[in-house]
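We did not get these values from a lab; they are worked out from the coordinates using the rules stated. Being a predicted model, the structure only gives us computed values, none of them experimental. We place every Cβ from the backbone using ideal geometry, glycine too, and count neighbours over all the protein chains shown.
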Number of protein chains: 2
Amino acid sequence: MAASAGPEIERLISLLSKLPGLGPRSARRAALALLKRRDQLLGPLADALADAAAKVKTCGVCGSLDTQDPCAICADDHRDGALICVVEEVGALWAMERASAFRGRYHVLGGLLSALDGVGPEALRVSGLVNRATDGAVREVILALPATVDGQTTAHYLADRLAQADVSVTMLARGVPVGGELDWLDDGTIAQAMRARRPA
Amino acid sequence: MAASAGPEIERLISLLSKLPGLGPRSARRAALALLKRRDQLLGPLADALADAAAKVKTCGVCGSLDTQDPCAICADDHRDGALICVVEEVGALWAMERASAFRGRYHVLGGLLSALDGVGPEALRVSGLVNRATDGAVREVILALPATVDGQTTAHYLADRLAQADVSVTMLARGVPVGGELDWLDDGTIAQAMRARRPA
């Protein structure tokens, strides 16, 4: 890719191109940007990566990523331990936190059930969730899973598994997103928003 | 951005978001991908960055990046030292090398003259180019600069500065790019391709 630029640069570009959102061309641009800004960018990023590799771990309770285990959210006494919000991945947990719409705790499944990709319940953090839901302190489990086929399959499966526990199992509402023009929405969203209509 | 995920992850995301092509959202996705694939991606990338920071330097002759100085191209005796191809940045040098259309040596200006951005000749590797062009061994200087206002201003300036040297100064041809449909080309390109037409 960067012929004659030496194996170090080649290797840097090839690793950068494995990041989501970076193809070979943008990986080359990123490598050049890094090499041009060594003190402000390349050095700090190398340190940040080494730091993250050394310190960030998976929370033994909820499966999130943090430098402490249990993570800051699981260890926070001001969080409502009676509510568990189930998410697919840490990215979804971060999105929920940015929305500041939830003050309970989380459970990161680590994926979704998928017949196509051969992902079964044993590949996800399902039994940990059932254990937490049955420990007596939990009142509600909110399934904040994507509105896709795999997301809904997983939600149905989890609702079944949690039926034995003495908790209410809920899901995020479906409807018109903020700023959503009806013209541009798919039929499924419009139909769901219509079915779930409520007093204005 | 990743509330409660600890300062290490915040810092990693903030540094990743400074790479060209990565915004805050894709930086978060990249950070998660790195943290999920520690042994295959995070560790190797940290090493590759540290390695590049330690070993990659700017070639004292042409201004390219390599682990050796002079760079592999300047040090390669099989390259034609009578031809110098002037490029704006190392990215353009890599693009020329990928095209395998040139077997001479390079000169990386490190930018373009820009009245708007206040970039003058002293900010670029111009005097180094003039020195190389006047050392007697060089026969032709090819200005492979972008077909933009700044690119053309810089090309004219360099042609002036090189007039005193006993070299021919040339530019890349302008015309219809490979695969280019006339329908989709801008008028300037069509006009230049028409003026520079040649026997079929």
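Yes or no: segment B:66-80 includes at least one residue that is within 20 Å of B:T154 (Cα to Cα) and of a type in the set (S, T, Y).
So the first thing to find is which residues in segment B:66-80 are within 20 Å of B:T154 (Cα to Cα), and the list is none.
No, that holds for no residue.
So in segment A:80-91, with the set limited to residues that are more than 10 Å from chain B (Cβ to nearest Cβ) and of a type in the set (A, V, I, L, M, F, W, C), which one is surrounded by the most Cβ atoms within 10 Å (Cβ to Cβ)?
Pass one, segment A:80-91, residues more than 10 Å from chain B (Cβ to nearest Cβ): A:80-88.
Now restrict to residues that are of a type in the set (A, V, I, L, M, F, W, C): A:82-87.
Numbers: A:A82: 12, A:L83: 18, A:I84: 23, A:C85: 23, A:V86: 26, A:V87: 24.
Per the stated criteria, the residue is A:V86.
Anything in segment A:178-200 that is surrounded by 10 or more Cβ atoms within 10 Å (Cβ to Cβ) and either part of a loop (DSSP other than H, G, I, E, B) or of a type in the set (S, T, N, Q) (or both)? List them, or say none. Give the steps one after another, and end with the answer.
Initial filter on segment A:178-200 (surrounded by 10 or more Cβ atoms within 10 Å (Cβ to Cβ)): A:180, A:185, A:188-194, A:196.
Across segment A:178-200, the qualifying residues are A:G180, A:L185, A:T189, A:Q192, A:A196.
Out of B:D77, B:D69, I need the residue that is under 17 Å from B:D135 (Cβ atoms) and more than 10 Å from chain A (Cβ to nearest Cβ). Which one? If you could, list the steps in order and put the result at the bottom.
Values: B:D69 fails: under 17 Å from B:D135 (Cβ atoms).
Answer to the selection: B:D77.
Within segment B:1-64, considering only helices (runs of 4 or more DSSP H) that don't extend past its boundaries, which have at least 2 residues that are more than 7 Å from chain A (Cβ to nearest Cβ) and in contact with a Ser or Thr (Cβ under 6 Å, 6 or more places away or on another chain)?
B:24-36
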Index of the failed condition, B:L109 passing every other in (1) surrounded by 23 or more Cβ atoms within 10 Å (Cβ to Cβ); (2) more than 10 Å from chain A (Cβ to nearest Cβ); (3) in contact with a Pro (Cβ under 7 Å, 6 or more places away or on another chain):
(3)
